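First the structure, in the form of structure tokens, and then the observations on it.
The values are calculated or read from the model by the stated rules, or taken from the named source; none is laboratory data. What you see is a predicted model, and the numbers here were worked out from it, not measured in a lab. Glycine also receives a Cβ, built like all others from the backbone with ideal geometry; neighbour counts cover every protein chain displayed.
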């Protein structure tokens, strides 16, 4: 009788090991099936520039969270952008919660640039609104008092007309 009991106990232990191994593999499968997203490592406040060091990767195994909201999928979607609202640690970042950094501030003195072929005219002006690179803003020409619209350049100048 003891030999049968020993064999049964051994079979139960072997079955328990197999089940434990299966449970570990199932857990890793769930993790592998999740979505890895960049999230803030600490609280980011409006106006903060998002750096590579400010982000951590978090695995969202439960996609129901992500199905209810759009979220930035890669670090390149976030690094160098500015937080438009408070971003909480560990939470997905909606694309509309970040924006391009402001290059020209409202009321700032700017150079107005007009270029066409070989003609280049520079004038001074005052920005009537804030703008990021590539945005169209209104600028008041300091010399003439006229208001013109132009595209903000990365270097802070505002290009009007021409090309």
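Numbers for the structure displayed
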read-out	value
Count of region 79-99 residues which are over 18 Å from residue 134 (Cα atoms), touching a residue at least 40 places away in the same chain (Cβ under 8 Å) and within 8 Å of the chain's Cα centre (by Cα)	1
Filter result for residue 57 (touching a helix residue (DSSP H, G or I) at 6+ places or on another chain (Cβ under 9 Å) and either exposed (fewer than 13 other Cβ atoms within 10 Å of the Cβ) or not assigned by TED's automatic domain parsing to the domain that holds residue 38 (or both))	yes
Those residues of region 122-135 which are surrounded by 13 or more Cβ atoms within 10 Å (Cβ to Cβ) and within 29 Å of the chain's Cα centre (by Cα), in sequence order	127, 128, 129, 130, 131, 132, 133, 135
